[in-house]
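One structure below.
Each value in this text was obtained by applying a stated rule to the coordinates, not by laboratory testing. As the structure is a prediction and not an experimental result, all values here were calculated from the model. Neighbour counts run over all protein chains shown; Cβ positions are idealised from the backbone, glycine included.
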Amino acid sequence: MFPRSNPWSTPAHRAARFGGLSLLLFLGFGAAPARAELMHDVAQAKKQLARLPFSDVAAPRLMERGEQRPLALPREALSAERCTTLVLLSHERVSFTLHLPPAAGGAPEPPIGSVAGLIELTRCGAARGALGGAVIEMRSPRGVLERVVAASAKRPRRVRSRLPARQTGPVIEPSSIGPRATRASLPERFATLRRQAELRGDASLFQRSLMTDATGQARVDLDLLPGCFRVDLLGPPDPPGAGVSFDLDLELRRLPDGALVAADHSEALDAHVEFCTSTPGEVRLGALGGMPRAPVITLITRWPLPPLPDHFSTLTKNQLALRWLRQRTPPPADSGRQREWLGVVGHTTLALPTRAGACYQVVVAAHAGAPESLALEVSQGRARVENQSDERGAATDVTWCAPRNGQARLRVQAQGAGLVWRAVAYQVSSPPVGEPAPDTRAPGAKKPDAGAPEVERRAP
């Protein structure tokens, strides 16, 4: 019987343990004042603005990405006193924008973006009238938004100065780099995209003209046939002297449930999305963030859906077709389809018989569920190649040539909610003439008689 000993019972170890615990407590409690607690910050804003002649607090709002809501300020906020102060607050990592309507006869105002989850704006005199038509747009996936508004005779002290966690520090003014680049005219950009689509061949082109409303939004419902699509949304050039470029965003949602099909929320001036659908249906195209009351052009390019096996799910067909559309390559011939597997979330190891010199492509796509990411690795001997989805829920693939007869090891890593994936192996080129076929029998299995075919037995 060995005596039990505690390796942490010596004085030196007790001192080290106590010191580490003290450091953790110091870091934990020292970081507390730096956290931007939304309720605390809203209370500070209310406290500061409550001293003014008029103040009002709205109920919290939960908003989703792309959702836009009118600000709906009380009448007293725009009529009492001389200046109106608006404070919009959310979590410091939530991003949202405020859209103001253009003044009568004036150029459109650029959207005002949040910084550290805060927008603070004071307008005096006639300029505060624009706040009555302001619209809030959520840019993050979702967030709770708080609104405080006040009226005063002069500009009050900034609320941000009382919120240490939302301090942005000094801002360096950008140096002059010459005149701002200008966009080509709408017809010129449209003609360029049309030529590019025609060069890819086998494409059908459709055009729709829309007009944005006072908030820079437009929408149209489209009936789509099965196929692969690219949708381009183009806005007009910026007005002279505007000093701002409008960033068009694009969303496509399936009807009637409103599920998001594709979206472009990038910082590019124009927007485009690519997607494939193996079933007909109706979608709603939404334009966001454009110039108010301005024309926008939608160019819809459609390519035929590549032939895929009937037993593939709709989700699998859509993902594989989109993968090959973006690669600008035709899908592998179905006659070269060698093996298929179904798997679920986590790590899965597979084996694929190979022939020396033959080249293979393995694709992995979602079969069902909500995919987050897919990764694929193939190794055989010292040869190793890997790939992963470049965006949420997209398919991925790997192409390689086998260095020898035998078996390649495939490893799939999948993440998602209720995800079931399908992997398909294609042989895309044949081995050199005279190369023997690989021996895929189990170790120790008896070699079949000459002339007798080998039968691969699969579990029912």
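Fully extending the segment from Arg326 to Arg409, taken as 0.36 nm per residue of separation minus the present Cα-Cα distance, adds 27.2 nm. Could I have the simple spin-label model distance between Thr279 and Ala184, label points 7 Å from Cα toward Cβ, reported in nm to one decimal? Using points 7 Å along Cα→Cβ, the separation is 4.0 nm. Among residues other than Val94 with Cβ under 10 Å from its Cβ, the summed charge is +2 (Lys and Arg +1, Asp and Glu -1).
Put in line by how crowded their Cβ is, counting other Cβ atoms within 10 Å and starting with the fewest, Ser140, Ser266 read Ser266, Ser140.
The fewest-to-most ranking of Thr316, Thr85 by surrounding Cβ atoms within 10 Å reads Thr316, Thr85. Karplus-based coupling profile of region 360-369, in residue order and whole Hz: 10, 10, 10, 10, 10, 9, 5, 9, 7, x, with θ = phi - 60° in 6.51 cos²θ - 1.76 cosθ + 1.60 and x standing for Gly or Pro. Counting other Cβ atoms within 10 Å as a rough exposure proxy, the listed residues Glu120, Glu188, Glu67 run Glu188, Glu67, Glu120 from fewest neighbours to most. Using the average count of surrounding beta-carbon atoms within 10 Å as a protection proxy, the listed peptides 382-393, 221-232 rank, highest first, as 221-232, 382-393.
The label point for Ser335 and the one for Leu260, both projected 7 Å from the Cα toward the Cβ, are 4.3 nm apart.
Residues whose amide H comes within less than 5 Å of that of His91, counting only those at least five positions distant or on another chain, are Val144 (H built at 1.01 Å from N in the peptide plane). Multiplying the residue separation of Thr168 and Arg392 by 0.36 nm and removing their Cα-Cα distance gives an extension gain of 77.5 nm. Working note: Karplus 6.51/-1.76/1.60 with θ = phi - 60° gives region 385-396 the couplings 9, 8, 7, 8, 4, 8, 8, 4, x, 7, 6, 9 Hz, where Gly and Pro are set to x. All other residues whose Cβ lies under 15 angstrom from that of Gln68 are scored, Lys and Arg at +1 and Asp and Glu at -1, for a net of +2. Approximating the spin labels as points 7 Å out from Cα along Cα→Cβ, the Arg382-to-Arg69 distance works out to 6.3 nm.
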